[in-house]
Each structure stands twice: as C-alpha cells, then as structure tokens.
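Notes for the one structure printed next.
Each reported figure results from applying straightforward, stated rules to the coordinates on display, with no laboratory input. Given the structure is predicted, the values throughout are model-derived calculations rather than measurements. Cβ placement follows ideal geometry from the backbone for every residue including glycine, while neighbour counts extend to all protein chains displayed.
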Amino acid sequence: MVSVLKLPNFPLTEILYDKKTYNKKFNINQEMLFCKKCVHLSLKHIVNQDFIYKKNYIFKSKGTKRNIENYLLNFKKFIQKNENKKMNNKYLIDVGGNDSTFLSLFNNKQKINIDPNGKRKKNIKVYIDFFENINFEIFKKYNKVYLSSHTIEHLPDIKKLKQKMSESMKKRDSLYIQTPSAELFIDN
C-alpha cells in the first residue's frame, strides 16, 4: 500500500462537534493508503476501538435521513433481491448494527444486533459488546443471514470476524457486507 493522502491531526469523522465542544483528543493521524492490487483505500493508523465505541461514540444510524436513504435502503434492496423469499424464515444477524435502525427495516421475526453501542428495539435481540467477545457458535443452529454495514473498515482484525462467521455458517446461510465507496467519499 502506498500513502496517497496525509491528514495529520485531523478530527475523527464519527465524532461531530461545534466550536464550544471542540476537543483536540479527537484529532488523530488519518493518513490514507491505497492498494494498487485490490484498489481499496485504508487508514494507516487504526484508532483503538474502546476509545471510539465505548467512551466517545455518539453517532446513530437513524441520525440523518440521508444515512437511511443513501445506504441502508439501498443495502436492504440489494439483500432482498439476492435472497428472494427465502430470507423471511432466516435470522438476520447484524454485526455492528449500531442503534438497530437497519434491522428495523426488515420484517423478519428473528433479528440480532451485535454492537458495543447497540440499542434494543422491538423484536430485536441485542448483544451489547464487540463481536470478538461473542461466541458465534450459538448462531450455528439458525438459518441465518449475516449483515454488516459500514463496520468492517473500523475493525482492527477483520480476519477474526471472517473466521467467526464462516465457522458458524451452514451451506444455505448468507453474508452481506457493505463498505464505504472511495469514489463517493472523494465526491463528497
């Protein structure tokens, strides 16, 4: 990977503040790297997840109408198109499901959210923890669809999530992951 953009002392995007609440502890080195082989962007420095998600996290999925319209509804349509009718009888397990907004868009009766800032909503079971601390073997018995929207780019060890999910999946289970688009990021 090669460095394509240096952003030293740059504010975290997940933590929004105004002049009154500005705090330099939220500024970090956000140097961007680019992989010519897989054509993906990545941050050089990963912020400790406890710092963001247990101590300072204020972002909610339903926070803006744009979030829901731009990526959650599009992701839902994509999943439904690929799952067809067989999805209604499956458990939906959202890794990094935040405030459960995404899961609430589905009619499935069995929904699980895994997130250290997870919020309970009607008909959604929530594991308030990092996925690393969850025993995915408990999901092995279910027919399931794993979902994850705009989460894996924040994980310090994506391989661990991949391993936990794949070991608990059966032949007819599915996995859908949505990641940010560098093109949209640059356009915005």
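Just a few scattered comments:
- Above-threshold pairs, the threshold being 18 Å between Cα atoms, out of Lys81/Lys162; Lys85/Lys111; Lys85/Lys144; Lys77/Lys119; Lys144/Lys170; Lys77/Lys122: Lys81/Lys162; Lys77/Lys119; Lys77/Lys122
- FRET efficiency estimate (nearest 0.05) - Cβ-Cβ, Asn74 to Gln110, R0 25 angstrom: 0.60
- Charges were assigned to the Cβ only: +1 to each Lys and Arg, -1 to each Asp and Glu. The resulting dipole of the stretch 104-188 about its Cα centre is roughly 760 debye.
- Modelled FRET efficiency - R0 41 Å, Lys171 with Leu43, Cβ distances, 0.05 increments: 0.70
- Rounded FRET efficiency, nearest 0.05, which uses the C-beta distance separating Asp50 from Asn89 and R0 of 25 Å: 0.10
- In plain terms, the chain from Ile138 to Lys36 could stretch by 32.8 nm, reckoned as 0.36 nm per residue minus the Cα-Cα distance.
- Length added when fully stretched, Asn27-Ser3, from 0.36 nm per residue minus Cα-Cα: 6.7 nm
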